[in-house]
Amino acid sequence: MKYRVDNDLLSIQEARINIELAREAAKELKNFSQEQLDVVVERMSQALHPHIEKLAKMAVEETDYGTFDDKVIKNRFVAEYLPQHLKNQRFVGIIQEDEEQKLLKIGVPVGVIVSMVPATSAVSTAIHNVLIAVKSGNAIIVSPHPRARETVRGVIKLLAKTAEDAGYPSGAISCMQLIAKKGTQELMEHPDVSLLLATGIPKIIDNLKQSTKPYIYGGSGNGPVFLERTCNIKQAVKDIVASRTFDHGMVSAAEQSIVVDQPIDHKIKAELKQQGAYFMTEEEKQKLLTLLCKKDRSLNPAYVGKSASYLADQANMTVPSDTKLLIYEQPYVDESNPFTQEFLSPVLAYYVENDWHHACERCIELLMETMKSHTLVIHSQDEEVIRMFALKKPVSRMLVNTPSTFGSMGATTNLFPSMTLGSNAFGIMASSDNISPEHLTTIRNIGYGVREIQECFEKTNSGKSETKIEDVIKQLLKNMME
């Protein structure tokens, strides 16, 4: 007699076991110093170095997304650059002391974190989230996207063993083996889970909102880039092409729409074509749309993370052999247009506006279009225009004269190096920052007494009689009795 295996029940049980182990580990971690945690981070970083290329290859083969070379870059960024950036920074214990003001700030780990990792940047996101969790003294359970489960399991197994060998508690770093809806729900609702950390999984946003847990969501955007008339045209276009084609356009922070100042429109188009962009006709745009989207307008995963030339070939479009980007011109923002969603591929919308004032409004439209205000880029030499954009835009981060993909993650800017970029401009997320160990701790404020009670309540008015603390208290008691 054959019995049916209930993966939902098994995944719930696995989730509970991982949470229980993580909970006990988190209790031990309360006694870890920042110095002890730093040793573990350094050991994990060293352990990753020989496997960076192997993990990139595994990710491409398992997910069929993106490119090997670009995934190597992302892996190296989180395995080498991030740990270097974290050195000498304190997130737990006494993190700030003001002797003059008699104030202390103490960082306290949140406890058990559940990290939901996407298939698009599976390895780099998993590494990043584990490293910042350990740096801040937390336990972490990773739940990978089904399309990347084997690759993520491999990297978490390596990190967990290395951490335990360096003294980190057993069970503090784990990865779900059974990926099922019920198991994920258990992770999100279990009372011993302190924080949910989700990256690049738009379908899970509603579940996060309905959960009673604090959560951070990173990813999902419709980021415009504005090319103002004073910009360095050649460099701006170079930045856009490099950013939008990186890993075949799968980074959520990459530019989604180009907004151009009308006086430089023809120069921008010429430079884009020179650097490998192809402007589609209306007919070609519709062909591509049929390819990229299902009937319900959701993305067709078969065409996510593919090159522009591959997409053109599959859509029966004839394009130059050196085509890197596919661009479609849009007269206005239309919510009914399927192209308004975030495409995880080297495809861009193109708008032209008469001046920066109109461009400002267009960018706001694009940012608010799907209520996923993530990142905005401006290329300009006019500091006044830059400041006006910074003040007016409902966006989590704004980048100036830099490629969005690399600027947002902190590679070409001094933002915190991160693969999880919060999006909080509309107040629906837990953070709008580049997510760091700081977001995985709570701050305990310590204030020493520096003055007597009388000093707080005594008040002198131009030589008039002083109001004593005893009189204030008597009046308060009288009011309460009444």
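Being aliphatic (A, V, I, L, M), at pLDDT 95 or above and either loosely packed, with under 14 Cβ neighbours inside 10 Å or in a helix (DSSP H, G or I) (or both) is the requirement here; does Val40 meet it? So Val40 fits the description; yes.
In the stretch 186-197, which residue that is part of a helix (DSSP H, G or I) and closer than 23 Å to Lys157 by Cα is nearest to the chain's Cα centre (by Cα)? Quick ask: steps written out before the conclusion?
Our first condition is that a residue be part of a helix (DSSP H, G or I); within the stretch 186-197, this holds for 186-189.
Next cut, closer than 23 Å to Lys157 by Cα only: 186-188.
Values: Glu186: 23, Leu187: 20, Met188: 19 Å.
Residue satisfying both the conditions and the ranking: Met188.
With respect to the conditions (1) in a helix (DSSP H, G or I); (2) at positive phi; (3) among the small types (Gly, Ala, Ser), Ser243 falls short on a single one, namely (2).
Please verify whether the stretch 434-455 includes one or more residues that are more than 30 Å from Ile127 (Cα to Cα), basic (Lys, Arg) and either touching a strand residue (DSSP E or B) at 6+ places or on another chain (Cβ under 9 Å) or at pLDDT 75 or above (or both). Before you say what the answer is, go through the steps one by one.
If we filter the stretch 434-455 for residues that are more than 30 Å from Ile127 (Cα to Cα), which is where we start, we get 445-455.
With basic (Lys, Arg) added as a condition, the list becomes 451.
Among the residues that remain, those that are also either touching a strand residue (DSSP E or B) at 6+ places or on another chain (Cβ under 9 Å) or at pLDDT 75 or above (or both) are: 451.
Yes, the conditions are met somewhere in the stretch 434-455.
Scanning the stretch 137-154 for residues that are polar (S, T, N, Q) and either farther than 15 Å from Tyr168 by Cβ or surrounded by fewer than 24 Cβ atoms within 10 Å (Cβ to Cβ) (or both) returns Ser143, Thr151. The set of residues from the stretch 367-405 being assigned to a helix (DSSP H, G or I), within 21 Å of Pro263 (Cβ to Cβ) and in contact (Cβ under 8 Å) with a residue 40 or more places away in the chain comprises Val385, Phe389.
Residues are listed down the side, and each one gets a yes or a no for (1) farther than 26 Å from Phe279 by Cα; (2) modelled with pLDDT of 80 or more:
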residue	(1), (2)
Glu342	no, no
Pro346	no, yes
His358	no, yes
Leu366	no, yes
Ala390	yes, yes
Arg397	yes, yes
Asn401	no, yes
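Taking the criterion of being among the β-branched types (Val, Ile, Thr), within 15 Å of His128 (Cα to Cα) and free of Cβ contacts under 8 Å to residues at least 40 places away in the same chain, the only residue of the stretch 10-52 that qualifies is Ile52.
Filtering the stretch 73-82 for residues that are modelled with pLDDT of 95 or more, closer than 30 Å to Lys181 by Cβ and assigned to a loop (DSSP other than H, G, I, E, B) leaves an empty set.
Kindly indicate whether any position in the stretch 7-15 is modelled with pLDDT of 95 or more and polar (S, T, N, Q). No; the residues of the stretch 7-15 include none that is modelled with pLDDT of 95 or more and polar (S, T, N, Q).
The values are calculated or read from the model by the stated rules, or taken from the named source; none is laboratory data. Remember, it's a predicted structure, so these values are computed and weren't measured experimentally. All Cβ positions, glycine included, derive from the backbone under ideal geometry; neighbour counts span all protein chains shown.
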